[in-house]
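One structure is given here, and the rest of the page talks about it.
The values are calculated or read from the model by the stated rules, or taken from the named source; none is laboratory data. Remember, it's a predicted structure, so these values are computed and weren't measured experimentally. All Cβ positions, even for glycine, are placed from backbone atoms using ideal geometry, and neighbour counts span all protein chains on display. Heads up: the accessible areas ignore ligands, DNA and RNA and are worked out on the full protein's heavy atoms, side chains in. Shrake-Rupley method; radii C 1.70, N 1.55, O 1.52, S 1.80 Å.
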Amino acid sequence: MSFVKLTVSALALAAASATAASARDQVQVAGSSTVLPYASIVAEAFGENFDFPTPVVESGGSSAGLKRFCEGVGENTIDVANASRKIKDKEIAACAEAGVTDIIEVRIGYDGIVFASQIDGPAFTAFTEADLFNALAPKVVVDGALVDNPYTKWSDFNADLPAEDILAFIPGTKHGTREVFEEKVIAAGCEETGAMAAMVAGGMSEDDADDACLLVRTDGKSIDIDGDYTETLASIAANTNAIGVFGLAFYENNTDKLKTATMSGVEATTETIASGNYPVSRPLYFYIKAAHIGVIPGVKEYAEFFVSDDMAGPDGPLAEYGLVSDPELVQTQDGVANEATMN
């Protein structure tokens, strides 16, 4: 992938900015494995186009990245945290306790969560949120009663699904993808099947029922993947009848190995996500430590470059890799330029 070099004036401005005194001259980024490929593309292009060292971009998951981000202010802490979900209130509080009080939230665009299987395996073309809940929950509603999950095959609860053993590889709990999967698929399926209402009717509080809805079975039918999507891909390759949870961009770069399932009859594409028709999509973010701007060279310049039309616009390289461009990208660009912190 090639990138057009920036103008001489832009390079001169970057060179002038790089003279800021600092013991560390390289932007450090960590967090979401979903955002990782986008951040890596931006970091490489940034190093090529600006008079700053190429930023160091690490993965580890949204929660792990934000934990590192909230460790404090200073050259021994990261500058930017990538996340496939919004930062939580408890994370903001942890940041504040460690002196990270000014945080800039940057939404880079949108991604879809894809359910995919081995390309030579059975076709899963009729998924709904209820199907995923019935397959993966420890307790489900059968004949009006909440019981231990009796289902062993996908076709046990939906005749349109394959008569194959249930096996799903889902993101581990430290991944932002897991939280979106829980909220938009499992929780929705819990409500759709009547399981949540049955829990409340059985004496649970609504809060406890909300928590119980997100549990997954522990009998080997649902397996957490703590690594990145490459680990999920390897698990699918070794299990012909399994499904896995991926980000759209990763799936689109592995269509020779995977085939996607539909969700509520809609296939995940940039078009269906941009239109809002695909039900399991989510915004992607990175968070900037405002105190590091002007101290660690290149932090603001990296952020501005990331959300520029040339990178994050609908015709930019991130869109080519699967990012759905944000319709409100101009407002994001203004927020970064003005160093607007979260309220």
(request) List nothing, just return the count: lysine pairs in the chain, 8 or more apart or interchain, with Cα separation under 18 Å. (result) 18
(request) Would you calculate a helix-derived [θ] at 222 nm for the chain, using -39,500 (n - 2.57) for each DSSP H run of n ≥ 4 and dividing by the full residue count, to the nearest 500? (result) -9500 deg cm²/dmol
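Return the carbon/sulfur percentage of the accessible area of the chain, one whole number, probe 1.4 Å, all protein chains in place.
Numbers: 7180 of 14500 Å².
The nonpolar share, carbon plus sulfur, comes to 50 percent.
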(request) Note down the nm distance, to one decimal, between modelled labels 7 Å out along Cα→Cβ at THR152 and at THR218. (result) 2.2
(message) With the cut-off at 1.5 for a/c, could you classify region 77-148 from its C-alpha gyration tensor as rounded, prolate or oblate?
(response) oblate
(message) Using 0.36 nm times the number of residues separating ALA201 and ALA93, minus their current alpha carbon distance, what extension gain do you get?
(response) 35.4 nm
(request) Show the residues, 5+ positions off or on another chain, whose built amide H is closer than 5 Å to the amide H of ILE225. (result) ILE170, GLY172
(message) Leaving out ligands and nucleic acids, and using a 1.4 Å probe, what accessible area per residue does region 35-104 come to in Å²?
(response) 40
(request) Would you mind counting up the charge near VAL73? Only other residues with Cβ under 11 Å from its Cβ, with Lys and Arg at +1 and Asp and Glu at -1. (result) -3
(message) For GLY60, what residues show an amide H to amide H distance below 5 Å, using hydrogens built from the backbone and excluding near sequence neighbours?
(response) GLY31, SER33
(request) With r as the distance between the Cβ atoms of ALA145 and VAL56 and R0 = 56 Å, compute the FRET efficiency 1/(1 + (r/R0)^6) and round to 0.05. (result) 0.55
(message) Sort 97-106, 190-199 by the packing proxy (mean of other Cβ within 10 Å over each peptide's residues), most packed first.
(response) 190-199, 97-106
(request) Binning at 20 Å from 0, report for the chain what percent of all alpha-carbon pair distances ends up in each bin. (result) 30, 52, 17, 1
(request) Pull out the extension gain between ASP120 and ALA337, defined as 0.36 nm times the separation in residues minus the alpha carbon to alpha carbon distance; nm, one decimal. (result) 73.3 nm
(request) Extending each Cα 7 Å along its Cβ direction at GLU328 and ASN277, get the distance between those two points in nm, one decimal. (result) 2.4
